[in-house]
1. Give the long-range amide H neighbours of S93: residues separated by 5 or more places, or on another chain, with amide H under 5 Å away, using H modelled in the peptide plane at 1.01 Å from N.
2. Given a Förster distance of 30 Å, report the FRET efficiency between E95 and R67 from their Cβ-Cβ distance, rounded to the nearest 0.05.
3. Using label points projected 7 Å from each Cα along Cα→Cβ, tell me how many nm separate E45 and H120, to one decimal.
Amino acid sequence: MVLKAARKPALGGQECDMSGWDGGNCPVRDVIDRIAGKWSTLLLEALSRRPYRFGELRRLVPDISQRMLTQTLRDLQRDGYVEREVFPTKPPSVEYRMTDLGRSLFEPLSKVLQWAEKNHPSVKAARAKYDESELA
């Protein structure tokens, strides 16, 4: 019996050879891991509406720590989704805004967010049903 190389569908319906797959070098995983973080999506959603100063973002997401807000904004900046502008005031003020790349990401991401909001009750019901069956 001859075993075929592992194959897995890829984006666009194209199959790809998974036998030499390097998960650490996967572009989909690399991008999705960053934007799927606990805070990234919330911040991208906020910044899709308008630019915000740091303190405004902190108030919009009150349960995020200052450290985590700083780190998440840096990560989003590093990936090119958000830009930071420092204004020469005393004390300096900083504003964050979405870049063109961030807006191009947010277009499909907003559809996922709408789907999540619409289907959240169904997901919660499915979880409860599963949890109930696991206890039985």
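We did not get these values from a lab; they are worked out from the coordinates using the rules stated. Here the structure is a predicted model, which means the values were calculated and not measured. Cβ atoms come from the backbone with ideal geometry, glycine included; neighbour counts cover every protein chain shown.
1. Correct list: F87.
2. Working: r = 20 Å, r/R0 = 0.66.
Once rounded, the FRET efficiency stands at 0.90.
3. Going from the E45 label point to the H120 one covers 0.7 nm.
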